[in-house]
1. I'd like the orientation of helix 167-183 relative to the chain: the angle between its Cα long axis and the longest Cα principal axis, in ° from 0 to 90, rounded to 10.
2. Where does each of Val372, Val331 land when they are ranked from fewest to most other beta-carbon atoms within 10 angstrom?
3. Going by amide H atoms built from the backbone, whose H comes under 5 Å of the H on Phe288, apart from near neighbours?
4. Using the Karplus curve 6.51 cos²θ - 1.76 cosθ + 1.60 with θ = phi - 60°, what ³J(HN,Hα) values do you get for each residue of region 259-270, in whole Hz, with x for Gly and Pro?
5. Taking the Cα centre as origin and putting +1 on Lys and Arg beta-carbons and -1 on Asp and Glu beta-carbons, what dipole magnitude results for the chain, to the nearest 20 debye?
6. Given Ser166, Gln334, Gly247, which one lies farthest toward the positive end of the charge dipole of the chain, if we put +1 on the Cβ of every Lys and Arg and -1 on the Cβ of every Asp and Glu?
7. What aspartates and glutamates does Lys240 reach when the alpha-carbon gap must be under 13 Å and sequence neighbours fewer than 8 apart in one chain are set aside?
8. Would you grab the residues whose amide H sits under 5 Å from the one on Thr368? Only those 5+ places off in sequence or on another chain, please, with H modelled 1.01 Å from N.
Amino acid sequence: MQRLRASGAIIAGKTNLDEFGMGSHSLNSHFGPVQQENGVSAGGSSGGSALAVGTGQCWAALGTDTGGSVRLPAAYTGTVGFKPSYGLLSRWGVVAYANSLDTVGILSSSVSAAKTIFSTLNAHDSKDPTSLTPSSHHKIAALSSRRRNSPLRVGVPLEYNPTTLSPTIRTSWLSALNHLQTHHSATLHPVTLPTTPLALSAYYILAPAEASSNLAKYDGVRYGTRSAGSDAANGVLFSKTRAQGFGAEVRRRILLGAYSLSSEAIENYFLLAQRVRRLVQRDFDRVFAVGNVLHGDDGGKGDADAKEQEEGVDVIVCPTAPSLPPTVEEVQRQSAVEGYVNDVFTVPASLAGLPACSVPWEVEGRTTGIQVMGQFGDDELVLDVASLLEKST
């Protein structure tokens, strides 16, 4: 906020969201649900920020993106949602949900506005232990001067086209790809990210596990509310306080996380999910034309990968969500697991810490979200490609 104010921004207020950022539809808030006038879900968890931008209440807004919580609301409200590379924007002041995934994101009415805010906030912050060091920022800045493919090489991930994909979403995706190919001379290249089908399951093990640890401090002694009377239930201290102080979804994820970290489950769940996460990162590194700047001088690509690097892609373009936004009534009839499926296209970039931007795309009279993903630190290129898509609408 200090950087925004110093640049002349006016902070209008706070927006509603899912409790602790846990949710895909902004219905899990202590202050009541976030709803669009047409009864359609605003997405989550940063649905209040997206709706404030979408209804013209502000020029832009900040949100947090752990597994898609900025990009999904953007797709559902017809706004731009940008998740920068992990560690670029300071998280100082943000209540942690999952430390290794949480990213401050930007919601705006245009890509140019997102660029302006990103350039203002993109700096090292010594108060944030996850903030990238100045030397890492210098490496990332040098990335923009590295060789770029001409014409633009766009990756089309085969795993993002399941049979369950909404026909309208598929039509929108094809239309966006055709636009880049026809009007901007981009070349399209099928790519495979074989670990993608496992990414969602891994995320919903890792994120709750980290949440279980992060939220342990809300015991009513140091933080949070405190229930009246005795706090013990069945011999468990603080159980009453934590049951009353957290909403249903937060309690569910804390319990999931606590089990994943238990001695009998950590090998089969948490550690296995960490291995899947590493494979997801390697999948992305393999298909991009440039390596990850944090993986050494060669960007994580050895001599054996030189040919593959030359044939790699600059960005990946895919849908932001697998279906059109559901109504709030439809969401309320869904099980918890059905609600988690909405994050299937946004979670992989979060696990890998990559920049990703959702831009509105109109097809058949409906507005959908198209997601542009890039290599770590390639945030400027992601925004540039998103701008190409935005101009057509």
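Read-outs: derived from the displayed coordinates by stated rules, not from any lab. All values reported here derive from a predicted model rather than from experimental measurement. Cβ atoms come from the backbone with ideal geometry, glycine included; neighbour counts cover every protein chain shown.
1. Value to nearest ten degrees: 40.
2. Lowest count first: Val331, Val372.
3. Those qualifying (amide H under 5 Å, at least 5 residues apart or on another chain) are Val313.
4. Those phi angles translate into 5, 4, 8, 5, 4, 7, 10, 4, 5, 7, 10, 4 Hz.
5. Numbers: 32 positive and 35 negative charges, 151 e Å.
Dipole about the Cα centre, nearest 20: 720 debye.
6. The residue sitting farthest along the positive end of the dipole is Gly247.
7. Cross-link targets: Asp219, Asp231.
8. Counting only residues 5 or more places away or on other chains, the set is Trp361, Glu362, Val363.
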